[in-house]
């Protein structure tokens, strides 16, 4: 099967993360659109999603936010809080097809400030 450019980028990044993935760490994937951002923590050994957070959830949508970077911070704080409740602190950060700058970098920095290690 022939992949397009976006598919190749995603496969390249995610495959590298999956290769080094061990049982003591989970994979955090980030999906960004023009208006929203979402993330989920995945257990690659059992192929299940453990946690997820998104900017389209009702409690985040009702908040008064001024721009998309603040929205990224709010979603990251919520995900970190959920992860710490389940005692997940060490993860692998899978940025997917996105460059590590802008909202993705702010998302990662906020996760680090809230106790996540990657």
Report summary line: The residue that is nearest to residue 105 (Cα to Cα), considering only those in the stretch 14-35 that are in contact with a strand residue (DSSP E or B) (Cβ under 7 Å, 6 or more places away or on another chain) and modelled with pLDDT of 85 or more, is 30
Report summary line: Considering only strands (runs of 3 or more DSSP E) wholly within the stretch 24-101, the ones with at least 3 residues that are within 18 Å of residue 10 (Cα to Cα) are 26-32, 37-43, 91-94
Query - Number of positions in the stretch 32-51 that are under 18 Å from residue 98 (Cβ atoms), buried (at least 16 other Cβ atoms within 10 Å of the Cβ) and in contact with a helix residue (DSSP H, G or I) (Cβ under 9 Å, 6 or more places away or on another chain) - result: 7
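The values are calculated or read from the model by the stated rules, or taken from the named source; none is laboratory data. Since we're looking at a predicted model, the values are computed, not measured. Here Cβ is always computed from backbone atoms with ideal geometry, including for glycine, and neighbour counts include all displayed protein chains.
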